[in-house]
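J.: Okay, here's the structure, questions in a sec.
What follows draws every value from the coordinates through simple rules; no lab data is involved. Fair warning: this is a prediction, and the values are worked out from it, not measured in the lab. Cβ sites come from the backbone with ideal geometry, for glycine too, and all protein chains shown count toward neighbours.
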Amino acid sequence: MNNNSIIKKIGMQKVITLGILLLLLIFFSLANPTFRKYTTFLSLMGYTYYIAFMAIGVTFPLLTGGVDLSVGTGLICYALAGGYLVVYKGWPVWLGLLIAVLFGVVIGLFNGFAVAVLDLPPFLATLCTCMITRGLGSICSNGTGVPWPNGSAEGAWFRNLFRLKVGGVSIPIGIIWVVLAVVIMSIVLNHTRTGRYVLSIGSNKEAAKLCGINVVRYQITAYVISGFFAGLAGIAFAASFATIQPGLGAGFELDAIGAAIIGGVSTAGGYGTVTGTILGVLIMSLLKTGLPYIDLQANWQQIIIGIVLIVAVMIDIIRSRRVSA
Amino acid sequence: MKKKLFAGLLTVALAVGMLTGCGNSGSDDKKSGSDKKMSFEIVSKGFQSTYWQAVYKGAKAKADELGVEINMVGPNTESDVADQVQMLNSAINAQPPAIGLAALDTDACLDGIQSAMDANIPIIGFDSGVPDAPEGAVYANAATDNYAAGKVAAEGMYKGIKDKIGNGKVRIGEVNQDATSESITQRGLGFIDKMVELLKADGYKVCVVGNDFYVGKAKGADAKEADADVIIEVAVPAETTTSACQQVAEPVLQKSDTIAIFGSNQVSAEGIVNANETLKVCGPDKIVAVGFDSGSVLKAAVTDQTLFGAVTQAPVSIGENLVQLLYDVSNGKDVKDVDTGCQWYNYQNITDEEIAQNLYD
Amino acid sequence: MGEVILTMKGIDKSFPGVHALNHVDLEIQKGEVHALMGENGAGKSTLMKVLTGIYSKDEGTIYFEGKEVSFSNPKEAQTAGIVIVHQELNMMGHLTVAQNIFAGREFRKGSFIDDQKMIEESNKIFKRMNINIDPTETMSNLTVGKQQMCEIAKAISHDCKVIIFDEPSAALTESEIQELFKIIRDLKKQGMGIVYISHRMDEIKVITDRVTVMRDGTYVGTIITEESTKDDIINMMVGRVIYEDPKTKSNVPKDAPVVLKVEHLNAGKMVKDVSFELHKGEILGFSGLMGAGRTETARALFGADVKESGDIFINGKKVVINNPMDAVKNGIGYLSEDRKRFGIVTGKSVAENTTMATLEKYCKGPFINKKKEKKTAKEYVKRLATKTPNTEQLVVNLSGGNQQKVVIAKWLVRDCDVLIFDEPTRGIDVGAKSEIYHLMNELVEEGKSIIMISSEMTEILRMSDRIVVMCEGRKTAEINIEDASQESIMHAATLRD
């Protein structure tokens, strides 16, 4: 037992995840030399940002033993709403960004209320908001695509938040925000009451309740965190890609939830880390970026990502068996 | 009339997101009580892009001109087949003199089409129309000939790459959003077939690789990959999103032998443009990139010559022709298919009136 | 009497740490109703589980219809003709009566289920039982009594020769019980051997022919019901030997103030008009048989379950307790009987569990002061002599006794004045048991007050200053320790209206 103590400290799953991550990097680099280019790294980061924010957020409902399926369609909805006001109504960009995040918080509150107060199963409640945000996104944007300011347009500055252009070189400074989010949310999870209670609720909700913990409040908090980060993900998506089309986003949440699970967040709740989640995100975005480079057709990419997920879930099941034994 | 209004409202309720189209149909209804204005139901493939707004613009203008009403609805996204079936049924229940339909999936719409036939409601196809519809259901189509439009793109591109071929093996990329929808596949194949034809006419050996569907359907590319002069590589993403299109476009753009790339609709063309934001490989004297349709991103890219050019359909013309056909068919006239055409545009002619009216943001 | 159909001889069964059955004998005759009695944990259920193949026996032999048998699963026992009707009904509420009766062995026509035949067969069985139930009715539409009949019908449909009833009357109304007895008498006439497990002394007298009594996993004896009195049976159940010295007199001064007063508490079926007082420094024992409503009373008091009515006073002041948060605020702590489900957060460390109910004390702003938390956890590990390598150890890796200590630590940190210990030593080995007893005594000496729910008679007599006895949701007696005896408690625990 003692010889493995370092591995044990970091967590077996994280070690495995990190190993897989490195293997994938080496594999893609060997398979296609162009993959080693700086520009590939840039675009890899482009996919990483929004999945990362979504995944960091959705980690919290997952840790309470719930789930938030509304983050995918949500982030598109928030980006559409904010973008519509900016592009078609002439609002300043900063206000549009703020609206996107606030919108996310409101939907998060709604999810939390439905789950904690109305006692709806999280799967069902957030599936409903998934549909609602999908429709709301179309309504908010009046049914049209929303091209957030781009290129030399006024207000395109916000794209620099994620990809700063100095001279001819792009610097993926979005990494800073992701790292910041990981650090802050790791502290929240491990060093604050909110985090402790979220984990306790996911580990044993009844016991938590009998300790006098305000279970309702902390469940709602978890969903609000998820909504807030979905809002940030919306901004990251808007900054990284071109026109945002209504109706998109369904399925994005699976990238995030999948990433969290790959990173060791237990599907039953109560166990997981933000750093693990971010490793999972990197595997997800690496697969998504890398697989086209080895000339793999789209359907095969999905199959491979599905297999990776199954393996992750199996590791989770084996672990939870050990804990409950 | 009340029943009709109700059905109309129901359709509106179903078409979440389709607000602009129905907003003004209610106010005109007062007149129609006495006048019995003709009112047509139009079920489109979506409202998600400004493209459909342009179709609506044309249709509305024509309707005003002819003194008829239209009620245009469409599902949220092009994968909401079931929603569209529902909308079609509601449209039939409204018992209009004729229905305009751009089917997402003809098979799924078959029941609706049959009941329209039973009720003697003629159907006019528009945009991608109603491919493989049962005999006699669709009286005429107002549509872009997508295969022909793909050819236009190939011809446009060929002017830009002619000089780059011949010195060793080169690659032409094509990003198609999917391998299932009729309009995209026709466009994609039109491009490939025409490109192969042009290349072969100049004596080059051509090979098509990538997505199995397109490789299988492409005509005339008989060379092996190893001894081809030109490789046409078809990339299809796993999802129909800009981000996914960008993901498959990037590896193609980064290959050292790539000289040109074509994105066969707005989403995939935007994917290429966005990928180029970091890669910086497209533009004059670099990779010749060609897009399809418009939107603010593509317009900007054409203007600054990131895109060598693009093909636009004529959505306004589609809308106009559609309403004209609906009007004619319900007045008992014989109708036949109208090709609403498409246009090649680049940084030089993008501001021409003739082009600009078909470009949307 | 009749011919012997089933004999169990010298049955022995051990679980890790527990000798559950110690050479137990049981003999059932054809056409006999045989009661199996004993306190909670006497080994009745274990014996029946061995018989029906759910557990394997370590030693002993079973003879059924003269042949030695050994069932490795319930299905084999069923096929041979031994069926058990469980206390909890195992029914699929959305299916029909007939579908339930033949669940798992449906009649078939080709590859399709033959519903018609199942309905006909069900009707035949009901006719044989002389009851009137529509086989096409949905199960959940029936009363609990009728559902029980269906469970019996299912047993009969196996063409069984021995039926075991495990507390069949627990959920039934008086008239339903009468109907059940009628059926049992019919079955008896048809020559079946019937094992009847119940705590209800009156029923035993009415329906059974013989009684076998078990105590602490051993066979005490078998008597003929007609020739014995209720007291005879109780004496056999409690035995004459008392293992631990009972408390002889209360340590609580007469004038000790009342810290907790509960008046007319009602919550569902299991808590009916319960009132009691708890004095400062007192251990108030709650005794009763399984399902008497003790845990339910505690949960209702603690706000964990909804209560319909009743007032709670703390130190003379009326308080509102609608949820556990309110209870904790009012200085009440609850140590659940089911540690794994309600007590500990298994996947978390000793330290995290220790501060679970008091985390705000360890916080600076939103942040947890982990050093302080660890210090406290260490302190309590030392004080309670919890055996754990360190405070970061996950609770799941500790033994039952040490898990319980962590739970106790959690409430001690909270400094609760009233602690409810629900089965504090369940699943805990003897050594840890006396440590926990010691701890409880220490706590009351410090001036805390304890409600102790326990199904172990010796525990009740050893620890309590006063004893509340419950039966079927009602308080049936309140006995001072000076007047308490196993017999008096058992009388009150079987006192039905």
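J.: Across bins of 5 angstrom width beginning at 0, how are the C-alpha pair distances of the range C:245-351 distributed, in whole percent?
T.: 2, 11, 18, 22, 19, 14, 9, 4, 0, 0
J.: Which log10 I(q)/I(0) values does the range C:258-493 give at q = 0.07, 0.11 Å⁻¹ under the Debye formula, counting every alpha carbon as one identical point scatterer?
T.: Rounded to two decimals, the profile gives -0.22, -0.55.
J.: Around residue A:282, under 13 Å between beta carbons, what's the net of Lys plus Arg minus Asp minus Glu among the other residues?
T.: In short, +1.
J.: Now, a different point. So which of C:261/C:378; C:75/C:109; A:205/C:44 end up more than 27 Å apart, counting from Cα to Cα? Mind showing how you got there, number by number?
T.: Numbers: C:261/C:378 35 Å; C:75/C:109 23 Å; A:205/C:44 33 Å.
Flagged as over cut-off: C:261/C:378; A:205/C:44.
J.: Convex hull over the alpha-carbon atoms of the range C:4-238: what's its volume per residue in Å³?
T.: Normalising the Cα hull of the range C:4-238 by residue number yields 129 Å³.
J.: Take each uninterrupted DSSP H stretch in chain C, measure its Cα extent along the helix axis, and return the ones at 30 Å or beyond whose mean Kyte-Doolittle hydropathy is at least 0.5. Please list the in-between numbers first.
T.: Working: long enough: none.
Within chain C not a single helix satisfies the rule.
J.: Most mobile of A:182, A:274, A:106 per a Gaussian network model of chain A (Cα springs, under 10 Å)?
T.: A:106
J.: What does the convex hull of the Cα atoms come to per residue for chain B, in Å³?
T.: Value for chain B: 130 Å³ per residue.
J.: Filter the DSSP H helices in chain A by two things, a Kyte-Doolittle mean of at least 1.0 and an axial alpha-carbon span of 20 angstrom or more, and list the hits by number.
T.: Working: long enough: A:12-31 (28 Å, 2.21); A:38-63 (35 Å, 1.27); A:71-87 (23 Å, 1.75); A:93-112 (29 Å, 2.31); A:122-140 (25 Å, 1.29); A:174-191 (25 Å, 2.31); A:215-240 (37 Å, 1.35); A:274-290 (23 Å, 1.56); A:298-324 (39 Å, 1.17).
Length and hydropathy pass: A:12-31, A:38-63, A:71-87, A:93-112, A:122-140, A:174-191, A:215-240, A:274-290, A:298-324.
J.: List the pairs from B:217/B:286; C:272/C:448; C:161/C:182 whose alpha-carbon separation is above 25 Å, in the order I gave them. Could the numbers behind the result be given before it?
T.: Numbers: B:217/B:286 30 Å; C:272/C:448 27 Å; C:161/C:182 18 Å.
As for pairs spanning more than 25 Å Cα to Cα, those are B:217/B:286; C:272/C:448.
J.: Nearest 5 percent is fine: what portion of the DSSP beta bridges confined to the range B:146-313 is antiparallel?
T.: Details: 1 of 24 bridges.
DSSP beta bridges in the range B:146-313 are roughly 5 percent antiparallel.
J.: Hey, another quick one. Of C:481, C:443, C:292, whose Cα points farthest to the positive end of the dipole of the range C:258-493 (charges on the beta-carbon: +1 Lys, Arg; -1 Asp, Glu; origin at the Cα centre)?
T.: Highest projection toward the positive end goes to C:443.
J.: Which lysines, on any chain, are close to residue B:280 with Cα under 25 Å apart, when same-chain ones fewer than 8 places away are left out?
T.: A:37, A:165, A:288, B:159, B:162, B:164, B:169, B:255, B:299
J.: Express in whole angstrom the spacing between the alpha-carbon centres of the range B:41-116 and the range B:232-281.
T.: 31
J.: Please give the Cα centre distance for the range C:73-112 versus the range B:334-352, rounded to the nearest Å.
T.: The range C:73-112 and the range B:334-352 have Cα centres spaced 73 Å from each other.
J.: Using only alpha carbon positions, build the gyration tensor of the range B:146-313, then give the equivalent ellipsoid semi-axes as the square roots of 5 times its eigenvalues, largest first, whole angstrom.
T.: In descending order the semi-axes read 21, 17, 15 Å.
J.: Determine which lysines satisfy two conditions relative to residue B:333: a Cα distance under 22 Å, and not lying fewer than 8 residues away in the same chain.
T.: Of all the lysines, those that pass the test against residue B:333 - Cα under 22 Å, at least 8 places apart if same chain - are B:36, B:37, B:60, B:62.
J.: Right, here's the next one. Compute from the Cα atoms of the range C:408-466 the Rg and the Dmax, the latter being the longest Cα-Cα distance, and quote both in angstrom.
T.: Rg then Dmax for the range C:408-466, in Å: 11.0, 30.
J.: Another question about this same structure. Sum -39500 (n - 2.57) across every DSSP H segment of at least 4 residues in the protein assembly as shown, then divide by the residue count to get the 222 nm mean residue ellipticity, nearest 500.
T.: Calculated at 222 nm, the ellipticity per residue is -14500 deg cm²/dmol.
J.: How large are Rg and Dmax for the range C:163-203 when only the alpha carbon atoms are used, in Å?
T.: Radius of gyration, then largest Cα-Cα span, for the range C:163-203: 10.1, 27 Å.
J.: With springs connecting C-alpha atoms under 10 Å apart, model chain B as a Gaussian network and identify which of B:186, B:266, B:305 has the largest mean-square fluctuation.
T.: Among B:186, B:266, B:305, the largest GNM mean-square fluctuation belongs to B:305.
J.: Using only the Cα atoms, what convex hull volume per residue in Å³ does the protein assembly as shown have?
T.: 234
J.: Just want to confirm a number: the relative contact order over the range C:168-297, from Cα pairs under 8 angstrom separated by 6+ residues, in percent.
T.: 13
J.: How high is the relative contact order of chain C, in percent, counting Cα pairs under 8 Å that sit 6 or more residues apart?
T.: Relative contact order of chain C: 15 percent.
J.: Using Stokes-Einstein with the Kirkwood hydrodynamic radius over Cα pairs, what translational diffusion coefficient do you get for the range C:423-497 at 20 °C and a viscosity of 1.002 mPa s, in µm²/s rounded to a whole number?
T.: Answer, rounded: 161 µm²/s.
J.: For residue C:372, go through the aspartates and glutamates and keep the ones whose alpha-carbon is under 16 Å away, minus same-chain ones fewer than eight residues off.
T.: Within the straight-line cut-off, residue C:372 pairs with C:352, C:360, C:392.
J.: Let me ask something additional. With equal scatterers on the alpha carbons only and no solvent term, can you work out the Debye log10 of I(q)/I(0) for chain A at 0.06, 0.11, 0.14 1/Å?
T.: With one equal scatterer per Cα and no solvent, log10 I(q)/I(0) is -0.20, -0.69, -1.10.
J.: At 15 Å minimum axial length over the Cα atoms and a Kyte-Doolittle cut of -1.0, report the qualifying DSSP H helices in chain B, or say none. Please list the in-between numbers first.
T.: Details: long enough: B:2-14 (18 Å, 1.00); B:50-66 (24 Å, -0.68); B:81-93 (18 Å, 0.30); B:106-118 (17 Å, 0.03); B:146-161 (22 Å, -0.05); B:182-201 (28 Å, 0.12); B:242-254 (18 Å, 0.09); B:266-279 (19 Å, 0.06); B:315-330 (22 Å, 0.60).
Those that pass (Cα extent of 15 Å or more, hydropathy at least -1.0) are B:2-14, B:50-66, B:81-93, B:106-118, B:146-161, B:182-201, B:242-254, B:266-279, B:315-330.
J.: While we're looking at this one, here's another question. Would you mind listing how long chain C runs along its three principal axes, going by Cα atoms, in whole Å with the largest first?
T.: Result for chain C: principal-axis Cα extents of 72, 54, 45 Å.
J.: For a protection proxy built on the mean count of beta-carbon atoms within 10 angstrom, sort B:224-232, B:125-133 highest first, please.
T.: For the peptides B:224-232, B:125-133, the packing ranking is B:125-133, B:224-232.
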